[in-house]
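Data block below; observations after.
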Amino acid sequence: QEKYLLTATQTGNATNTKTSTAATITITPTSAANPLRAMSVGSAFSNTSGLLIILQIYSASGANAVGTGIHYVVVGSGNFVSGQTLRAWDLPNTASAIDYTVYLNTNAGGGTAYYPFSGGGTVDMSVTEIMG
């Protein structure tokens with residue numbers, strides 16, 4: 001099975017405390033033995049240079065980081081937009097509903113990071129159950 005979403009709802013964060021974005025999907029695996037793959041594609045935006053933007057997929061309402069996070073520093077001056085692709089494999093070992101959400105935070109470097117970019121940007125997210 002596969003669940004997916006497309007959203008243009010923007011989340012901003014100017015702190016080093018992670019916050020959930022609108023990119024969230026809940027799925028109920030058909031078997032606890034099945035792995036899940038979560039993916040998110042969207043554009044991140046910063047309103048200042050020198051800002052570290054951190055994006056990562058978490059499961060279980062932010063309790064478990066899954067996959068590899070993306071960390072990048074905004075260089076140059078002015079506003080900055082960058083496309084981002086997040087991928088994660090997870091073995092949740094459950095047949096109960098579980099959520100996957102992209103979380104956003106910064107190094108609190110005096111600016112705000114956004115996901116997705118509000119100037120026409122969207123986030124495409126999917127969670128796929130791989131049946132064995």
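The values are calculated or read from the model by the stated rules, or taken from the named source; none is laboratory data. Here the structure is a predicted model, which means the values were calculated and not measured. Ideal geometry is used to build each Cβ from the backbone, glycine not excepted, and the neighbour counts take in all protein chains shown. Just so you know, the surface numbers come from the protein's heavy atoms only, side chains and all, with ligands and any DNA or RNA stripped out. Shrake-Rupley method; radii C 1.70, N 1.55, O 1.52, S 1.80 Å.
Quick look at the numbers
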item: Residue in segment 56-77 that is of a type in the set (S, T, N, Q) and modelled with pLDDT under 85 present; result: yes
item: Total residues in segment 11-27, condition in a loop (DSSP other than H, G, I, E, B) and open to solvent by 70 Å² or more (accessible area, probe 1.4 Å); result: 3
item: Residues located in segment 40-68, provided they are under 15 Å from G110 (Cβ atoms) and either assigned to a strand (DSSP E or B) or open to solvent by 30 Å² or more (accessible area, probe 1.4 Å) (or both); result: S46, N47, T48, S49, G50, L52, I53
item: Among the residues listed as A44, A32, A63, A38, the single one being touching a residue at least 24 places away in the same chain (Cβ under 8 Å), of a type outside the set (V, I, T) and under 16 Å from D99 (Cβ atoms); result: A38
item: Pick from segment 95-124, criterion at pLDDT below 95, more than 16 Å from I54 (Cα to Cα) and not small (G, A, S), ranking: most open to solvent (accessible area, probe 1.4 Å); result: D124
